[in-house]
Amino acid sequence: MKQTPLYNKHIELDAKLGDFAGFKMPIQYTGIIKEHEAVRNFAGLFDVSHMGEFIISGEEGEAFLNFVTINDVATLKPWQAQYSAMCNEDGGLIDDVLIYRYPDHFMMVVNAGNKEKDLDWLMVHKPKNVDILDMSERTGLVAIQGPKSRDILNRIADINLNNIDFYCFTVGNINGIAATIARTGYTGELGFEIYADYNGIIKIWDAILAIKEGGVVPVGLGCRDTLRMEMKYALYGNDIDEKTNPIEAGLGWITKFNKKSFIGKNALVATKANPTRRLICFEMIDRGIPRKGYPIKLDGNVIGEVTSGTQSPSLKQGIGLGFVKKPFDKIGTNIMVEIRGINLKGIIVQAPLYKEGSANI
């Protein structure tokens, strides 16, 4: 198994480690619920150095990225970030990605388990005057998330983070270490993702955890999962994959059909005209915890399947995501979820399930 540059820090903190996308990663330190609540109320620090980073440059870099992704890269100004995805010719999701536009190049951030597949896909489709550099093995990444994250980070940054808007980024120093600092995240809370080289990310991790005011604590992938489910943020490999497409996955808002051409456009136009299922989120009415693969039913008939489920630490009830057949995807629809052979009541609800997040403050 691979290790991130912060692996020894997790050992020192007595983290419970698990295998994730080929890496030994911290699942939890003091407990998933405690860490979840820390992010919702104060701040938590994640190691997400397992993610992949590609640098794309060259004269046709913008046109190339616009062709291989479904969002409109041309709308990005320097120092802005964009959530997007790459599809195959059939409209299936190869990966969901982040695109960062620097003044003279782009950075694409991809899911850890898809790095090799994504890089191969990009290399096959790139024109000669576009260069792609895989920086994954040299780039560390931490995410500080929570309503106190900006106050905490401002103590050790040489720039005023109050000036960074949502889905924007800059370069600066964190405790004297050069870094890219982006106001993005995967929790629904105010937060920042910090990219630096391997040695630098270790020093940044230490500097953030050394700040005692503000309540920042190390947090693992366990609460990252519960936090993202409360926001209906899809997880690649769980909720979305190459057998799903962005229209049925609720990602139509990042699919820009006004672009002249992009890979998968024709298939997605057809899906948009006649979708057959949709990714919904639901709350349990009866006591029960939904899990991946559990049947979703209506009037005794199976209409779908749970893709992600948990006991929500914030809502104190079972919640889940799942695909259901249309037209049974309407908000307010009463459903049954078969949990260990017992049909339990639930209801399809409007996303996000947790509505008190600080992401926009």
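Each value in this text was obtained by applying a stated rule to the coordinates, not by laboratory testing. Worth saying up front: this structure is predicted, and the values here are computed from it rather than measured. With ideal geometry, Cβ positions are generated from the backbone for all residues, glycine too; neighbour counts draw on all protein chains shown.
Pairs of Cα atoms nearer than 8 Å and 6+ residues apart set the relative contact order; for region 276-352 it is 39 percent. The string of couplings for region 254-268 from the Karplus curve (6.51, -1.76, 1.60, θ = phi - 60°) is 9, 9, 9, 6, 6, 5, 4, 7, 7, 5, x, 4, 4, 5, 6 Hz, one whole number per residue in order, with x for Gly and Pro.
Counting only C-alpha contacts under 8 Å and six or more residues apart, can you give the relative contact order of the chain as a whole percent?
Once normalised by length, the contact order is 18 percent.
For region 118-213, GluC sites (Glu not before Pro) meeting the loop criterion (DSSP other than H, G, I, E, B) and having at most 13 other Cβ atoms within 10 Å: E213.
Arranged from fewest to most other beta-carbon atoms within 10 Å of their beta carbon, H125, H10 become H125, H10. Between K243 and E12, the FRET efficiency from the beta-carbon distance, with R0 = 56 Å, is close to 0.85. Here the gap between D286 and A273, fully extended at 0.36 nm per residue and compared with their Cα-Cα distance, gives a gain of 1.1 nm.
Taking trypsin sites (Lys or Arg not before Pro) in DSSP loop conformation with at most 16 other Cβ atoms inside 10 Å as exposed sites, the chain has its longest uninterrupted site-free stretch at 1-127.
Between N301 and K259, what FRET efficiency follows from the Cβ-Cβ distance if R0 is 56 Å, with the result rounded to 0.05?
For N301 and K259, the calculated efficiency is 0.90.
Build a GNM of the chain with springs between Cα atoms under 10 Å apart, and of N245, N160, N175 the one that fluctuates most is N160. Each residue of region 117-132 was assigned a 3J(HN,Hα) from its phi angle through the Karplus curve 6.51 cos²θ - 1.76 cosθ + 1.60 (θ = phi - 60°); the sequence is 4, 5, 5, 4, 4, 5, 5, 5, 9, 6, x, 5, 8, 10, 10, 10 Hz, with glycine and proline shown as x.
Panel order for C168, C223, C87, by other beta carbons found within 10 Å of each beta carbon, from fewest to most: C168, C87, C223. Full extension of the chain segment joining E116 with D90 gains 7.3 nm, where the gain is 0.36 nm per residue of separation less the Cα-Cα distance.
Placing a label point 7 Å from the Cα of L315 along the Cα-to-Cβ direction, the residues of region 238-266 with a backbone N closer than 20 Å are 238-240, 249-251. Computed from backbone phi, the HN-Hα couplings of region 175-184 come to 6, x, 9, 5, 7, 8, 10, 10, 8, 9 Hz, rounded to whole numbers (Karplus: 6.51 cos²θ - 1.76 cosθ + 1.60, θ = phi - 60°; Gly and Pro given as x).
Taken as Cα centroids, region 102-138 and region 243-269 sit 21 Å apart, rounded to the nearest whole angstrom.
Placing a label point 7 Å from the Cα of A210 along the Cα-to-Cβ direction, the residues of region 155-180 with a backbone N closer than 15 Å are 155-158, 174-178.
Calculated FRET efficiency, K325 and D158, Cβ-Cβ r, R0 45 Å, to nearest 0.05? Computed FRET efficiency for K325 and D158: 0.25. Given their separation in residues at 0.36 nm each and the Cα-Cα distance between them, D165 and R138 gain 7.0 nm when the chain is fully extended. Here the contact order of region 254-319, divided by its residue count and restricted to Cα pairs under 8 Å and six or more residues apart, works out to 27 percent.
Can you compute the helix-only [θ] at 222 nm over the chain? Use -39500 (n - 2.57) per DSSP H run of at least 4 residues, normalise by all residues, nearest 500 deg cm²/dmol. Each step should come with its number before you reach the end.
On the way: 8 runs with 72 residues, N = 361.
Helix contribution divided over all residues of the chain: -5500 deg cm²/dmol.
Mean-square fluctuations from a GNM of the chain, with a 10 angstrom spring cutoff on Cα atoms, peak among V130, V97, V110 at V130.
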